[in-house]
Amino acid sequence: MEVLFLALLGVCVGSFLNVLIYRLPLGQNIAFPASHCPSCKTPLRWYHNIPLFSWMFLGGKCATCKASISFQYPLVELITGGLFFLTALKAPTLSEGILLGVIFSLLLALSVIDLRYKAVPDMLSLPTLALAFFVGDIVLSLEHALLFAGGFALLRILISAVLKKEAMGEADIIIAGIIGAVVGIPLGLVAIYLGAVLALPAFYLVSKKGFELPFIPFLSLGLFISYLFQAPLLGLVEYYYG
């Protein structure tokens, strides 16, 4: 029952994430005006704003002007529900499941914004980092966050010096801190390694077209995989490195 509750909560959180994804990069207020059609600006009625179901009921179109509503909206809601569901299965307590569900959901929003705008708002990344300190022991989480953020900052300086241009982004440093705070040192390194491995095929595809590849989506996915599969991944680390 708790798992189902968190899954439904995640879908609702996903609806709010869509607001953040749309409004924050544009510098708009996330509370006012109320939800409305981006095309005709008509305010949405409550039954037009039910997560997942409203989009399907309306056929992916505005009830007033019939303009297409991006598939991103139900997709983000569905993925967020899945994040909460899987986190609830893994987390030892309901409160920790909710906390981690919120953290992973915010990382999803940051990933979508990074993919669309190649920029990440501090007003979203910094609160996510602050929440990560409360996963486990606060002091230990803070130490791990500082260690990973400092390591990424140093790596950024070194790579930028070698390439003679700006490499990585400041937001990547914050995400590294979140990784350290959530899963600690061994799994944090695994998460970053997984993120790099997952990014390689995408980097190969986009590099030919001259596109810049955002790293935050891959770091976030690496963190989520590392959290879900802690025991087997730690077993592999111990097996290979003793």
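The values are calculated or read from the model by the stated rules, or taken from the named source; none is laboratory data. Keep in mind that what you see is a predicted model, and the values were worked out from it rather than measured. Here the Cβ is made from the backbone with ideal geometry for all residues, glycine too, and neighbour counts use every protein chain on show. We work out accessible area using only protein heavy atoms, side chains counted, and drop any ligands, DNA or RNA first. Shrake-Rupley method; radii C 1.70, N 1.55, O 1.52, S 1.80 Å.
Exposed loop sites, defined as chymotrypsin sites (Phe, Trp or Tyr not before Pro) outside DSSP H, G, I, E and B with at most 13 other Cβ atoms within 10 Å, are absent from the longest region of the chain, namely 72-210. The stretch between ASN29 and LEU89 holds 18.1 nm of extra length on full extension. This uses 0.36 nm per residue minus the Cα-Cα distance. The count of lysine pairs in the chain that are at least 8 places apart or cross chains, and whose C-alpha atoms lie under 20 Å apart, stands at 7.
Sorted largest first, the principal axis extents computed over the alpha-carbon atoms of the range 5-136 equal 49, 30, 24 Å. Computed with a 1.4 Å probe over protein heavy atoms only, the accessible surface of the chain comes to 56 Å² per residue. What's the longest bit of the chain with no exposed trypsin sites (Lys or Arg not before Pro), using DSSP loop states and at most 15 other Cβ atoms within 10 Å as the test? Answer from the scan: 67-117. The local environment of PHE152, defined by Cβ-Cβ distances under 13 Å, has a net charge of -1 under the rule Lys, Arg +1 and Asp, Glu -1. For the pair the range 93-133 and the range 9-34, the centres of their Cα atoms are 13 angstrom apart. Taking a span of 20 Å or more along the helix axis (Cα atoms) and a mean Kyte-Doolittle hydropathy of at least -1.0 as the rule, the DSSP H helices of the chain that qualify are 2-23, 72-90, 94-117, 138-163, 170-207. May I ask for the longest run of the chain untouched by GluC sites (Glu not before Pro) that are loop-located per DSSP and have at most 14 neighbouring C-beta atoms (other than their own) within 10 Å? Maximal segment without exposed cleavage sites: 1-165. For the chain, with all protein chains in place and a probe radius of 1.4 Å, 71% of the accessible heavy-atom surface sits on carbon or sulfur.
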